[in-house]
1. Select from segment 302-321 the residues that are buried (at least 20 other Cβ atoms within 10 Å of the Cβ) and over 21 Å from the mean Cα position of the chain (by Cα) and write down the one among them that is farthest from the ligand (Cβ to nearest atom).
2. Quick one: which strands (runs of 3 or more DSSP E) sit completely within segment 220-301 and have at least 1 residues that are in contact (Cβ under 8 Å) with a residue 60 or more places away in the chain and more than 15 Å from the ligand (Cβ to nearest atom)?
3. Here is a list of conditions, (1) surrounded by fewer than 18 Cβ atoms within 10 Å (Cβ to Cβ); (2) outside any loop (DSSP other than H, G, I, E, B); (3) within 16 Å of the ligand (Cβ to nearest atom), and A73 meets all of them except one; can you say which number that is?
4. Which condition does P305 not pass, out of (1) under 29 Å from G166 (Cβ atoms); (2) assigned to a strand (DSSP E or B), if it passes all the others?
5. Residue under question is G104, and the condition is that it be surrounded by fewer than 16 Cβ atoms within 10 Å (Cβ to Cβ), without any contact (Cβ under 8 Å) to a residue 40 or more places away in the chain and under 29 Å from L159 (Cβ atoms); does it hold?
6. For segment 159-217, what are the residues that are of a type outside the set (G, A, S), in contact with a helix residue (DSSP H, G or I) (Cβ under 6 Å, 6 or more places away or on another chain) and part of a helix (DSSP H, G or I)?
7. Quick check on G350: is it surrounded by fewer than 17 Cβ atoms within 10 Å (Cβ to Cβ) and either within 29 Å of I147 (Cα to Cα) or among the hydroxyl-bearing types (S, T, Y) (or both)?
8. Has segment 184-205 got any residue that is in contact with a Pro (Cβ under 6 Å, 6 or more places away or on another chain), within 15 Å of the ligand (Cβ to nearest atom) and not small (G, A, S)?
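The values are calculated or read from the model by the stated rules, or taken from the named source; none is laboratory data. Because the structure is a prediction, the values reported are computed rather than measured. Reconstructed Cβ throughout: ideal geometry from the backbone, glycine too, with neighbour counts over all protein chains shown.
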Amino acid sequence: MYREEKASGEAALPSIDSIPRATHDEAARQKYVAFLRKFVMADLAQDMRAIYDKAIEPTFRAKNGESPEDARAVRKAMEPNTFYRTWSSLRYNAQEMTWSSVQGEVERALPDLIDAADQAAGQSPAGGTLRLNPDLPIPKAVSALDIHLMPGCFHTEYLEEDVAVGAVYAHGTKVFSGALKMSKNPGKGGVADSIGHYLKLKYPNFKPKRILDLGCTIGSNLLPFHRAFPDAELYGVDVGAPVLRYGHARAESQGIAAHYSQQNAESMDFEDGMFDLVVSSFFFHEIAVPSTKKILKEVNRVLAPGGVTIHMELPPSKAMDPYYNFFLDWDAYHNHEPHYAAFRQQDPVGLMTEAGFSAESSSLIRIPDRGGLSDEDFAAFARGESEAPQHSNFSSYYLFGAGK
Ligand SMILES: C[S@@+](CC[C@H](N)C(=O)[O-])C[C@H]1O[C@@H](n2cnc3c(N)ncnc32)[C@H](O)[C@@H]1O
């Protein structure tokens, strides 16, 4: 049993993130997978683009009198190519190994992880809450297949009070982006930190009292809002109980009060106008477009007048060239993310107006990752003095949203 004792004898909450301990070999494997992903997603990806530009696109043009018009046409032209096929296999295997490289340490630590989450749920010393609903139907988008090849997806419970998939997500995502996200501004960066500080710089009078994160998983992009807005109450909803248990314990051990609840974002039990800021990250591309539309209407309901809603997502296909659309949409075919390409075909501003927001208050923007710039350069961006880097491997984020 993993319990730390405070001087008073009262049990202190362990950091749930640090309970699993990788062996030497596991740590080496995780490093290997992280750098394999960088090799595939940055180095080989660049070479593959050069092969397309120098050979595949000119051959296609010579034969058809025009360049491939969209991602599907590029895909058809690329599929017979040996470099692409090898790259695709490597990428698939690196994705699978991302999760399997952390499963061993999570499995060994599982009793202690469950115990830590249970302790956090019983004590909540930071003042957060955890509301679970065992009767909540898990939407098909989550239950039908293991999204991005993560075994058990976000909701599976192998044991009572399970947190395993939360722990696999926490540790696996570090492997996933570990070698790709090289921060030039240590301790800063990531989606929520970048959005929070952008809002603070751009709209100094905007001081949200309550912030809601949809599809929060373990709260990776909820808790960093505490840095930008320390007085705001934080709320997160998700359909997966194990990720919420894990997220709650994580927040409590960090001393951040966050209120997690197991709810379908299509229909939440929050009062009208309860939130000043409603956010999501990496969420809508994993669910079906009709569900996205219902959720955005629900966002409009729970948002207070004067509030803001911002969603970090993949760039819409209209903003990118056919090759980059083919490159991004790989996940729809090979990474168990079947809604990915259909979401990217939506017009983000159109989605907001359909949900009842005005066209004037809706927009799509791109901001830099705060970890990739100095504070001065990030502030200059917020003042409109520079552009965000092009979209690639976490250097910038596309955001769509609206004010109410
Ligand atoms: C890729 S994850 C989001 C990652 C997370 N926002 C982050 O930044 O780490 C998508 C999450 O949405 C949740 N989800 C999917 N459909 C949902 C719905 N209808 N309502 C609430 N949560 C949902 C999934 O369980 C999963 O945890």
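1. Step by step, filter segment 302-321, then rank; the result is G307.
2. By residue number, 275-281.
3. Failing condition for A73: (3).
4. Every listed condition holds for P305 apart from (1).
5. no
6. V165, V168, H171, V175, F176, D193, H197, Y198, K200, L201, K202, listed by residue number.
7. yes
8. yes
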